[in-house]
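The values are calculated or read from the model by the stated rules, or taken from the named source; none is laboratory data. Predicted model, so just to flag it, every value in this text is computed and none were measured. All Cβ positions, even for glycine, are placed from backbone atoms using ideal geometry, and neighbour counts span all protein chains on display. Areas reflect the complete protein model, heavy atoms only, side chains present, ligands, DNA and RNA absent. Shrake-Rupley method; radii C 1.70, N 1.55, O 1.52, S 1.80 Å.
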Amino acid sequence: MRKFKNIVVGGIETKILELVVFAMILIVAVCSALIYYQYKILGEAINKTNDKQQQSITETTTSVIDRILRNNMEVRTNLQAEIANEIFEDLEDRVDTLGFVASELFNNESDYKMVEYNPPDPDMDGLVTSQTIIAPGVNEADVADRIGIAGNLNGIMTAQYFEDDEINSCFVALPEGVMISVDDRSASKFNKDGTPVQYDPRERGWYKMAEEKRHVIFSNIDSDAFTGEMCITCAHPVYVHGRLAAVIGADLFLNTMEELIDESAYGSGGFMCVINQDGQVVFSPKEEGIFKVNRSAEAQDLRKSDNKELASVVTDSLREKTDIRLVKIEDKEYYMVGVPMETPGWALLSVFSRENEERPAAILRENYQQIQDEADAEIAAAQRSIYLLLIVVLLAVSIVLIVIAAAMGQRIVHPLNKMTAKIQSLDGTNMAFEMVDAYRTGDEIEVLADSFSRLTKRNIDYVEEVRRVSTEKERIAVELDMARKIQESMLPHTFPAFPDQTAFDLYAVMDPAREVGGDFYDYFMIDEDHLCLAIADVSGKGIPAALFMMACMLNLENFAAFDLSPAEILTRTNEAICRNNQMEMFVSTWLGILEISTGKLIAANAGHEYPAIMRDNKFELFKDEHGLVMGGLEGVTYHEYELTLNPGDKLFVYTDGIVEAVNKDMEQFGTDRMIDVLNKTPEASPQLLVENVLHAVDDFVGDCEQFDDQTMLCVVYVG
């Protein structure tokens, strides 16, 4: 940069002017080149033959129609599959409800009374009734008690039957050869000569499949044994102590599904069909050909079809949604897309003829040529006028910008020069940069000057602030260390906890994420035969969480001293902390009382993690019933449950700081890894088990910062 009289050569003012001149020259050159190139391209395009124009139209039209068709097929298929799947989901939900109630009934038969039962009565036809059917060869007297217990399900089966018009019947089938059915077709249980229909539920496919699979199943489509109508059965096996106690289920008439598929045909070339888990067509509007519906014994498994493309579409659609594929069948090409129906394990297949796709393109080709000829002449004339005007405007704008650039350069440089001189004069004794009118330009220069002014002021204030903050940090560090020691003293930390006790052994640890934490554990003897165990996780971290923790811990201990049950202890503690919970904090808690002489454990869970139980030398999660966290809402009543620890069994409870610890890839440690670590040495002492989990979490997390407290408690019942 050189200065010649009052002009700085190579300065900002000169560079701005040079930049504008260069930019305008470049713009004019580029625009001129583009104009020439476009004239050339347009001339060649106008001279193209009519055949090439039509070919382009055909390709474009076909492409657009193909996209529209594909989008339409995918949307329709997804929608229809969702509608169809909802029917089966609703059926499965109702059978799950029946299964849950039946499981409670057969696991607690002594709590229920015998219910009277009745055989089918043809005079009750048209009325919803409960009908008991006994298989041939079964002595009614031998199974009367079982029928009386199962009769307690009549109410829930009747309610489910009335709630869904699609359900044919709700039933419970016993392994003794008895079925109790709720429906309105009593007369269908009799032959034309008035004799009862011979029926053994144990011989039905749905019964055998449910017994074999040991979970909720959907049967193949078959005719109803009594009405002869096509239906599908959803069955739920109920096991008590490893033995089959009953099969609960419901039949679904498929009239609605048939109507849904029959109405799916769109246009003259498209339709939908349903494929079952065996690759067979079970619903289709086609009355002939490969997509015709046949009985199961006669139906073809399309997964094994000689047509490999068709077999691939059917096979893939049963697993996942497929892309749209072109399949050739009997010299004709069809677009196909499949979507799985997850609940029954079937698939919905959408089919559209390719030849119907090409018809609109031929019609558009005929009309386009005439429009193209008329438009060519008008476009050419308009483009010439536009390009001429563009060149004139660019030249005029270039001249104006050059003049403006010269003026703006001078306006920008003057305050910058003054600012530079002022900054150069600053030193260690004079660091104040003050705003003056020369810097008030109303643009970035004023912002820059104001920033320098505020920066120098902040530098002066910063030194004093550093001194004050350093003193405050030292004071806080001392107080936090004292709070940590107080918190550690609040938690029981002497092990073995009860040296005179030989019926159990326990170990616990709390590792706070900060100096103080919100987790806590507690254990104490209520009396000589009852041990109280607790673990909790307070929302939040630091001093507030630690204070809230102490209040919760003291409340739990106080209420436990009144010989209350775990549910009552949690309920009263919740009321106590809700009364003055202005900070709206809450705490998840697991609390159990172990009867040492018998191993009986009564526990309650207020929104805490599932405990892990070791039985038969293997740890597994025990998914107990969760209540609301304490402090969340007044008036909450907690429920408790009971289980028995046999000699050698172990109980492991923990906070979410264990399972939610993350590594550098933001992957959580998780309950699966925790259970795996426990099961590596299940026979180890409680202390070694806790330390193994803690070491495994540390190795998994590595150098990542710990964001949550990590607390564990493990007890072994010796007996």
query = Where does each of I526, I217 land when they are ordered by accessible area, with a 1.4 Å probe and the largest first?
reply = I526, I217
inquiry  = For F622, what residues show an amide H to amide H distance below 5 Å, using hydrogens built from the backbone and excluding near sequence neighbours?
reply    = A612, I613
task = Output the relative contact order of the stretch 607-719, whole-number percent, from Cα pairs under 8 angstrom with separation of 6+ residues.
result = 33 percent
ask   = Here are some pairs, K541/K650; K213/K650; K286/K321; K213/K680; K213/K328; which of them have Cα atoms lying more than 28 Å apart in this structure?
value = K541/K650; K213/K650; K213/K680; K213/K328
key: Spatial separation of Cα centroids for the stretch 504-578 and the stretch 651-719, in angstrom   = 20 Å
ask   = Per the 1.4 Å probe, what fraction of the accessible area of the stretch 494-615, in percent, lies on carbon and sulfur atoms?
value = 51 percent
message = For Cα pairs less than 8 Å apart in space and 6+ apart in sequence, what is the mean separation divided by the residue count of the stretch 500-626, i.e. the relative contact order in percent?
response = 22 percent
remark   = Ordering 682-689, 298-305 by per-residue average of other C-beta atoms within 10 angstrom, highest first, gives 682-689, 298-305
inquiry  = Check which residues have an amide H placed less than 5 Å from I526's amide H, if you skip close sequence neighbours.
reply    = L531, C532
query = In terms of modelled amide H atoms, which long-range or inter-chain residues lie less than 5 Å from the amide H of N168?
reply = D251, L252, F253
note = the stretch 101-198 accessible area per residue, 1.4 Å probe, protein heavy atoms, integer Å², reads 50 Å²
ask   = Largest first, how would M553, M525 line up by accessible area (1.4 Å probe)?
value = M525, M553
query = Once you sort the root eigenvalues of the Cα gyration tensor of the stretch 69-227 as a ≥ b ≥ c, which label holds: rounded (a/c under 1.5), prolate (a/b larger than b/c) or oblate (the other case)?
reply = prolate
inquiry  = Straight-line reach from K208: which aspartates and glutamates fall under 13 Å, measuring Cα to Cα and dropping same-chain residues less than 8 apart?
reply    = D200
key: Listed residues L244, L349, L455 arranged by accessible area, highest first, probe 1.4 Å   = L455, L244, L349
inquiry  = Sort 647-655, 631-639 by the packing proxy (mean of other Cβ within 10 Å over each peptide's residues), most packed first.
reply    = 647-655, 631-639
